[in-house]
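Worksheet: the structure to be examined is printed underneath.
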Amino acid sequence: QVQLVESGGGLVKAGGSLGLSCRASGIIFSISRMAWYRQAPGQQRELVAAITSGGSTNYADSVKGRFTISRDNAKNTLYLQMNNLKPEDTAVYYCNVFWGFDRWGQGTQVTVSS
């Protein structure tokens, strides 16, 4: 059974930082491409950042230079470090892996106040 469990969301002021974690189980984490998505109210879910099994990363233009995705294969855990947060980063953040089909965590709320 695939499980993705996110943690680390919360409320922060603009310019602040937050770190998200996603603990994965039921997959072979080390060979999996992992990603973070987010969905703001009334908006479509969008890709924030992704990391391949080899460590290559890609980011949405809106977060480049502010967010860093990383992984710890020994802990089956994906991370997202978010710095210089902006009110427009407010959204529910989801961990994602394609394992037969797209799998999603339950999401964690990130709220950035101005």
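The values are calculated or read from the model by the stated rules, or taken from the named source; none is laboratory data. It should be emphasised that the depicted structure is a prediction, and the values quoted were computed from it without experimental measurement. Note that each Cβ is placed from the backbone with ideal geometry, even for glycine, and that neighbours are counted across all protein chains shown. We work out accessible area using only protein heavy atoms, side chains counted, and drop any ligands, DNA or RNA first. Shrake-Rupley method; radii C 1.70, N 1.55, O 1.52, S 1.80 Å.
Listed residues G42, G8, G15, G19; which is of a type outside the set (S, T, N, Q) and without any contact (Cβ under 8 Å) to a residue 60 or more places away in the chain?
It is G42.
Could you go through the range 31-52 and let me know if any residue there is within 18 Å of G107 (Cα to Cα), open to solvent by 40 Å² or more (accessible area, probe 1.4 Å) and hydrophobic (A, V, I, L, M, F, W, C).
Yes - at least one qualifying residue is present in the range 31-52.
For the range 36-114, list the strands (runs of 3 or more DSSP E) that sit wholly inside it and hold at least 1 residues that are of a type in the set (F, W, Y); which are they?
Here the list reads 57-59, 67-72, 77-82, 91-99, 101-104.
Between A50, A24, A74, which is without any contact (Cβ under 8 Å) to a residue 12 or more places away in the chain and of a type outside the set (S, T, Y)?
Answer to the check: A74.
Looking at the range 60-75, can you tell me whether even one residue there is open to solvent by 50 Å² or more (accessible area, probe 1.4 Å) and in contact with a Ser or Thr (Cβ under 6 Å, 6 or more places away or on another chain)?
Yes - at least one qualifying residue is present in the range 60-75.
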